Every structure is written in structure tokens, then in C-alpha cells.
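Below: one structure, written as C-alpha cells.
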Amino acid sequence: MSRILISLGGNALGTLYNDLKQSVEIIAGPICDLVKHGHEVVICHGNGPQVGYIKSNIDRGAKEDKTENLPLFSCVSMSQSFIGAELQNAIDNKLKEMGLKNEVATVVTRVIVDKDDPHFKNPTKPIGAFYTKEESEQLEKAGKTMIEDSGRGYREVVASPIPIEIVEKNICKTLSNAGTILIAGGGGGIPTIRTEEGLKSIDAVIDKDRTSVLLASDTDCDSLVILTGVEKVSINFNKPNQKDLSQMTLAECEKYIAEGQFPEGSMLPKIEAAMDFVKSGKGRKTLITSLDKLVEGMNGKTGTFIVE
């Protein structure tokens with residue numbers, strides 16, 4: 001038996017509510033299959049599309065009703081409970097269907113960042129929907145920072161500081177040790193800084209793959225699985241000479257990063273998080289694959305493994 005942290009991409013969940021409902025029902029299957037085979041599971045999910053959707057709708061309503069906007073960090077906390085509750089229901093129902101009695105819990109999670117983190121001056125984290133170039137240009141005129149996202153369209157980007165510490169780490173470890181299927185660090189956690197007055201949440205979106213490494217360490221996980229939109233990591237992505245990779249050593253990862261193979265707002269944080277986890281303990285490895293290939297990947301049949 002092993003304890004596995006599954007880092008689930010926000011894009012795989014869908015942006016709209018009905019999309020999310022359908023997605024979590026699909027996601028619950030392979031996760032519960034791992035539990036059925038004796039594994040303990042910790043889940044950290046993304047929130048890029050969802051937090052953008054929440055924020056834009058609140059902003060639109062505030063403008064129409066002439067009420068106040070909510071800060072981005074409040075929208076991050078909303079996305080944690082919104083997504084967590086739907087995951088809990090789907091996983092709980094699937095567990096009962098399989099005759100399993102494990103419990104599922106979501107922890108609203110704050111994550112400490114450095115208030116002077118240089119990433120605040122260089123927004124890179126995509127959130128929200130995809131736009132055309134023309135729509136993007138209009139949003140830039142309205143004050144948004146936009147980037148082209150891996151050939152899929154244009155998205156707003158916000159600051160993505162490096163996570164330092166999970167505030168609720170002891171709670172997470174206690175729940176995980178009790179056999180609970182834990183959902184924590186949603187959206188990378190609520191960005192929080194330490195001040196003389198105490199803890200204070202601030203506007204940003206932390207990359208959930210980086211937070212996953214902290215959560216995996218805090219809960220003593222043996223393996224890290226980063227689920228994304230592709231079955232395998234590729235070099236020369238979307239080019240005629242694209243090459244899918246079944247395994248990368250740390251040295252190969254560093255080489256490809258130096259070549260600029262992995263976009264900063266999408267695959268690069270995943271590769272860096274995978275490397276950090278491998279470095280954190282002897283014999284540890286990270287699997288990067290798509291949701292539908294989770295079980296096959298854990299059996300070594302597909303995906304990209306990051307190893308020493």
C-alpha cells in the first residue's frame with residue numbers, strides 16, 4: 001500500500017457548473033479504483049478556469065448592481081469549497097457503489113507566500129476562459145494582463161508567487177493518517193502573508209502543482225501524480241517533430257527547461273514540481289499523465305515518469 005498525492009488540473013474539471021458535475025463523476029472512478037487496490041489518496045486540484053469564472057461573474061454583478069467587488073483571494077477560497085464539495089459527493093457516491101467505507105474531507109487551505117516574491121511584478125498564471133486575439137486586445141485595454149496559452153487562445157494572467165508553507169499542514173496530516181481521502185490546497189491554496197498583525201490573505205493564484213509538493217511532503221506521500229490534459233509530456237509540442245516522452249531524468253528535465261521546451265504558464269510548473277518531489281526523498285518518482293490514464297499510468301503502462 002502507498003500514499004499517493006494526485007494533483008488534478010483545473011482545466012480537466014471544466015469551467016461551468018454542469019461541466020464540473022460531469023467531470024467529477026468521471027474523475028471519481030479512477031481515484032476510487034486506487035483506493036480499492038489499497039492505496040491512500042490525497043488530492044490537490046487546480047482552479048484556473050473556475051476562479052476566473054467566479055471573479056468575472058462577481059465583478060459583472062457588482063458593476064450592474066453598483067455593489068463592491070470581492071478580492072481574488074476570496075474567489076480562490078470560494079473555488080476550494082465549490083470544487084471540493086462536488087469532488088466529495090462524487091467520490092463518496094463511488095466509494096459506496098464499490099462497497100468501500102473511506103471518508104472524504106475538504107480542508108479550506110491557506111498557503112504562506114513571501115510578500116516580496118518577484119512573481120508579483122511578473123504575472124504568469126492563466127485564469128479564466130480562453131479568448132480570441134481580438135477579445136484579448138479589448139481586455140488589455142481594460143487593464144487585464146493577457147498571454148497566448150499554448151496555442152489554445154488568450155487568457156488573463158495574474159501573479160503566481162512560490163508557496164512556502166501550508167498553514168493547515170498538521171490538520172491535513174492528521175486526516176490523511178486517519179485514512180481519510182483528503183482534498184486540500186485547492187487552487188494552490190489561498191495566498192497568505194505573515195504580518196506584524198497576523199496572517200493576511202492577498203490577491204494572487206498559487207500554482208497548485210507547487211503546492212502539491214508541499215502537501216505531499218506534509219502528508220508523507222510516497223508518489224506524486226500530476227494529471228493534465230495530455231497523456232505524456234512532449235518536447236517540440238504542437239510541432240511536426242513533436243516527441244512524446246515516457247521518462248525523463250532530472251538532468252534531462254533541466255536540459256529541456258534550458259531549451260525553453262515547457263511554457264511557463266502551463267507545463268513548466270508541472271515539470272519543476274515533479275523535479276522537486278523526486279529530489280525530496282530517495283526513490284521517489286512523479287508521474288505526469290491525463291486523468292483517463294491514471295490507473296494505467298500507476299501500473300507503468302503510460303504517462304511520463306520523472307526519476308532521478
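The values are calculated or read from the model by the stated rules, or taken from the named source; none is laboratory data. Nothing here was measured: the structure is a model prediction, and the numbers come from that model. Reconstructed Cβ throughout: ideal geometry from the backbone, glycine too, with neighbour counts over all protein chains shown. Ligands, DNA and RNA are excluded from the accessible area calculation, which covers all protein heavy atoms including side chains. Shrake-Rupley method; radii C 1.70, N 1.55, O 1.52, S 1.80 Å.
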For Glu68, indicate whether it is among the charged types (D, E, K, R) and touching a Phe, Trp or Tyr at 6+ places or on another chain (Cβ under 9 Å).
-> no
If Asn89 satisfies every condition in (1) surrounded by 18 or more Cβ atoms within 10 Å (Cβ to Cβ); (2) modelled with pLDDT of 85 or more; (3) not basic (Lys, Arg) but one, which is the exception?
-> (1)
Which residues, counting only those in the stretch 137-162, are under 30 Å from Ile112 (Cβ atoms) and touching a strand residue (DSSP E or B) at 6+ places or on another chain (Cβ under 8 Å)?
-> Lys144, Thr145, Met146, Ile147, Asp149, Arg155, Glu156, Val157, Val158, Ala159, Ser160, Pro161
Scanning for something within 18 Å of the chain's Cα centre (by Cα), free of Cβ contacts under 8 Å to residues at least 40 places away in the same chain and assigned by the TED database to the domain that holds Val278, does the stretch 27-49 turn up at least one residue?
-> no
Looking at the stretch 294-304, which of its residues are at pLDDT 95 or above and either assigned to a helix (DSSP H, G or I) or buried (at least 22 other Cβ atoms within 10 Å of the Cβ) (or both)?
-> Gly303, Thr304
Need at least 3 residues that are assigned by the TED database to the domain that holds Gly29, closer than 21 Å to Ser7 by Cα and among the β-branched types (Val, Ile, Thr) per element, so show me which strands (runs of 3 or more DSSP E) inside the stretch 51-151 make the cut, counting only ones lying wholly within it.
-> 104-107
Taking the stretch 173-182, which residues are open to solvent by 20 Å² or more (accessible area, probe 1.4 Å) and assigned to a loop (DSSP other than H, G, I, E, B)?
-> Ala178, Gly179
Select the strands (runs of 3 or more DSSP E) contained entirely in the stretch 183-293, then report the ones holding at least 1 residues which are at positive phi.
-> 198-201
Out of all the residues in the stretch 1-50, which are part of a helix (DSSP H, G or I) and open to solvent by 50 Å² or more (accessible area, probe 1.4 Å)?
-> Asn11, Tyr17, Asn18, Asp19, Lys21, Gln22, Glu25, Ile26, Asp33, Lys36
Could you please find all residues in the stretch 248-292 being of a type outside the set (A, V, I, L, M) and touching a Gly at 6+ places or on another chain (Cβ under 6 Å)?
-> Thr289
